Amino acid sequence: MLNTRNVFVTERFRQAFRSGLINKFGYLPTANKVAIEFNLRNYETRPISRESIRKWLVGSALPEMDKLEILIKWLNLNPAYLFSKNEIADERLINDSDKAFEISQLASYTLRKVEHLAQTALNFASPRTAILDNKGIILMVNNAWRAEAMTHSNKLKGKDTCEGINYLAVCENVQGDDAEEALKMSRSIREVISDHTKVFNIKYMCHTQDEKRWFLAKVSAFSDHQVSCFIVSHQKITEDNYYQDYLIV
């Protein structure tokens, strides 16, 4: 008997694993390189092969629990994201194994197609954009967001602010001069999660050592058939734009 939820767990792991590798290396390394790096940290079990890594990368297999623990620590993966319930998944066990396999294959194909389309659409967006779930966990980011995260590892912990990370927790843990703006962002996201009709536009400063920068952050919700996600974007603006009063709708 197969549980269709396993398909979604595998898909979530595939996405988080690939994102974790990109965040760690700045690019998606080869299966051989990943196997070497993994085995340097894998002291208690047999070395893993390149073929196993390839299966993890394409979503055709899940690692065993001891190996998953190594990956979580090494790549800073979020266990809550990996195993949280997906509303699309049907958790009922199906007695007909052939039918179960057919459904699981269809579910896997559909989810990958939707994810690919969503990621392609996101990457066309010029503002830094992330999609959150109703707990504030980042489900997906676009190229602009990832590039910023990899470049500036300061205010919001840089590369840690991609898939699988709780963005609310990151904002609420910011220290120093930027803490107030980060808390404002967190409160806005929480209000949109609580009331999907709200939209927030927030202007803030985010200077680096080399450049003075101002941004307009937007927070909104998107819902379809009682399933919701939350969009956070950061658009670079001019100094004159910043000093106009920010608008809360």
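Just so you know, all these numbers are worked out from the coordinates, no wet-lab data involved. The shown structure was predicted, so the numbers you read here are calculated from the model rather than taken from an experiment. Quick reminder, even Gly has a Cβ in these numbers, built from the backbone with ideal geometry, and neighbours come from all protein chains shown.
A few remarks follow.
- Out-of-range pairs (alpha-carbon distance over 27 Å; input Lys24/Lys135; Lys55/Lys135; Lys24/Lys67; Lys135/Lys212; Lys33/Lys236; Lys73/Lys212): Lys55/Lys135; Lys135/Lys212; Lys33/Lys236; Lys73/Lys212
- Under the simplified labelling scheme, the Asn39-Lys212 pair shows an inter-label distance of 5.4 nm, with each label point 7 Å from Cα along Cα→Cβ.
- Between the beta carbons of Asn134 and Tyr27, assuming R0 = 35 Å, the FRET efficiency works out to 0.65 to the nearest 0.05.
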